[in-house]
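One structure below.
The values are calculated or read from the model by the stated rules, or taken from the named source; none is laboratory data. Not measured: the values here are computed from a predicted model. Positions of Cβ are generated from backbone atoms using ideal geometry, with glycine treated the same way; all protein chains shown enter the neighbour counts.
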């Protein structure tokens, strides 16, 4: 065998060895490459899921803080008490507190059998939920200035609302002469039933 044939034989054996080696290594390399791509895809999916979870947690925290703020402001607009009698007592106390600074005499406060429906200030349908309205009727005697100041105070109060007012002259004469007026006032507020 000549030197040239020997080099061709060695080159041929090398090429066959290379082809056999590549044939054995290539599937394993392809499997490793596929697994690496799947691992990268899983990690990307996990990162996206974590980002979504963080965004959701952030939005839940925002929603919770809004809800807490709304509940805090709602409690400032409710009568104290967990039943109708405690709510009625709260109505009486609140009106007495509002009337104290003015020249107003509260003759009586009662719970009316029927009253005008409450204004739509807190709930669209108070019957279907835990918010329940309490209504009271007060008979008040005062001069015109006292009545106006009391009505202004009631309108500014975050808890109470006015359902109906009837104003009458208590004696002959006019309100300008300091005559007394009688006010029948149906007013109410919301309380939270538990």
If you go through 91, 150, 154, 98, the only one that is in contact with a helix residue (DSSP H, G or I) (Cβ under 6 Å, 6 or more places away or on another chain), at pLDDT 90 or above and closer than 19 Å to residue 76 by Cα is 98
Within region 160-188, residues in contact with a helix residue (DSSP H, G or I) (Cβ under 6 Å, 6 or more places away or on another chain) and modelled with pLDDT under 90 come out as 175
List the pairs whose first member sits in region 11-38 and is in contact (Cβ under 8 Å) with a residue 24 or more places away in the chain, whose second member is surrounded by 10 or more Cβ atoms within 10 Å (Cβ to Cβ), and whose Cβ atoms are under 6 Å apart, counting only residues at least 6 apart or on separate chains?
none
Scan region 76-100 for residues that are closer than 15 Å to residue 132 by Cβ and in a helix (DSSP H, G or I) and jot them down.
84, 85, 86, 87, 88, 89, 90, 91
Within the set of pairs 6 or more residues apart or between chains, which connect a residue that is touching a residue at least 60 places away in the same chain (Cβ under 8 Å) and on the phi > 0 side of the Ramachandran plot inside region 81-104 to a residue that is surrounded by 13 or more Cβ atoms within 10 Å (Cβ to Cβ) and outside any loop (DSSP other than H, G, I, E, B) with Cβ atoms less than 6 Å apart?
81/87; 81/90; 81/191
Inside region 130-150, can you point out the residues that are in contact (Cβ under 8 Å) with a residue 24 or more places away in the chain and in a helix (DSSP H, G or I)?
144, 145, 146, 147, 149, 150
